[in-house]
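The next block holds one structure in the form of structure tokens; read it before the comments.
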Amino acid sequence: AQSVTQLDSHVSVSEGTPVLLRCNYSSSYSPSLFWYVQHPNKGLQLLLKYTSAATLVKGINGFEAEFKKSETSFHLTKPSAHMSDAAEYFCVVRGSFGNEKLTFGTGTRLTIIP
Amino acid sequence: DGGITQSPKYLFRKEGQNVTLSCEQNLNHDAMYWYRQDPGQGLRLIYYSQIVNDFQKGDIAEGYSVSREKKESFPLTVTSAQKNPTAFYLCASNPGGQPQHFGDGTRLSIL
């Protein structure tokens with residue numbers, strides 16, 4: 001079984017300050033992990049993915065995430081927030097090879113303060 | 001450009017009515033998925049199909065039906081048996097082993 005916990009339902013940061021969105025996972029095997037972003041009334045867009053290569057993963061729009069097996073975490077960070085980053089972010093874990101099912105966290109809404 | 005097209009963007013259902021949501025992809029992906037999104041919750045899997053003419057129930061299939069007659073198309077029918085259909089529905093697809101791509105969704109409401 002696999003699960004994902006996003007530790008904050010809502011995060012607010014000022015424009016130009018760092019962003020940290022926290023995610024813990026549970027998996028009985030070496031997982032594949034993803035971060036997706038969703039703007040209002042839109043589908044989900046892939047930000048980045050971890051698939052057992054480098055533990056520090058760089059994604060689009062300046063986001064990155066670090067896979068920490070000892071802490072079962074996959075937190076998403078960005079050095080400097082931009083107004084366009086305001087959206088809902090989902091941490092996602094995928095099943096083992098041959099099982100493409102995704103398990104989604106409940107999401108973190110990111111608000112950027114001008 | 002390649003992508004996933006969902007239609008309509010907004011849909012209204014009357015009591016006792018079945019409605020069908022369209023999902024078309026031109027990415028040549030084998031696998032397609034339907035998710036339901038409710039406020040404050042993550043996405044939940046309704047049905048998925050890994051190959052034409054085959055599909056599997058997801059976690060919340062009751063009250064829904066699908067077909068996969070063509071590789072490009074994976075329509076979802078919300079039947080009258082689904083008592084709480086108001087939600088945002090998302091279709092996704094992927095080639096094997098790769099991340100899923102998502103459409104822009106259909107918002108279904110009850111009249």
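With respect to residue A:85, determine if the residue is surrounded by fewer than 17 Cβ atoms within 10 Å (Cβ to Cβ), within 15 Å of the chain's Cα centre (by Cα) and at pLDDT 95 or above.
The answer is no for residue A:85.
Please count how many residues of the range B:1-49 are closer than 24 Å to residue A:109 by Cα and among the charged types (D, E, K, R).
Of the residues in that region, 4 qualify.
Assess whether residue A:25 counts as being in contact with a Cys (Cβ under 8 Å, 6 or more places away or on another chain), more than 21 Å from residue A:12 (Cα to Cα) and within 14 Å of chain B (Cβ to nearest Cβ).
yes
Can you pull out the residues in the range B:88-111 that are charged (D, E, K, R) and surrounded by fewer than 17 Cβ atoms within 10 Å (Cβ to Cβ)?
Correct list: B:107 only.
Can you find even one residue in the range A:50-67 that is crowded, with 19+ Cβ neighbours inside 10 Å, under 30 Å from residue B:50 (Cα atoms) and in contact (Cβ under 8 Å) with a residue 60 or more places away in the chain?
no
Testing residue B:5 on (1) more than 18 Å from residue A:101 (Cβ to Cβ); (2) in a loop (DSSP other than H, G, I, E, B); (3) within 12 Å of another protein chain (Cβ to nearest Cβ), one condition comes back false. Which one is that?
The number of the failed condition is (2).
Can you go through A:12, A:70 and tell me which one is exposed (fewer than 13 other Cβ atoms within 10 Å of the Cβ) and part of a strand (DSSP E or B)?
A:12
Taking the range A:73-114 only, how many residues are within 14 Å of another protein chain (Cβ to nearest Cβ) and part of a loop (DSSP other than H, G, I, E, B)?
Residues that pass the stated criteria total 10.
Exactly one condition in (1) closer than 23 Å to residue B:4 by Cα; (2) surrounded by fewer than 21 Cβ atoms within 10 Å (Cβ to Cβ) is not met by residue A:90; state its number.
The single condition residue A:90 does not satisfy is (2).
Could you check the range B:11-35 and list, in sequence order, the residues that are more than 11 Å from every other protein chain (Cβ to nearest Cβ), part of a strand (DSSP E or B) and of a type outside the set (A, V, I, L, M, F, W, C)?
Across the range B:11-35, the qualifying residues are B:13, B:20, B:22, B:24, B:25.
Here is a list: B:44, B:68. Which entry is within 14 Å of another protein chain (Cβ to nearest Cβ) and within 12 Å of the chain's Cα centre (by Cα)?
The unique qualifying residue is B:44.
Search the range B:76-108 for residues being free of Cβ contacts under 8 Å to residues at least 60 places away in the same chain and assigned to a strand (DSSP E or B), and hand back the single one that is farthest from the other protein chains (Cβ to nearest Cβ).
B:77
The values are calculated or read from the model by the stated rules, or taken from the named source; none is laboratory data. Please read these numbers as outputs of a predicted model, since none were measured by experiment. Don't worry about glycine lacking a Cβ; one is built from the backbone with ideal geometry, like all the others, and counts go over all protein chains shown.
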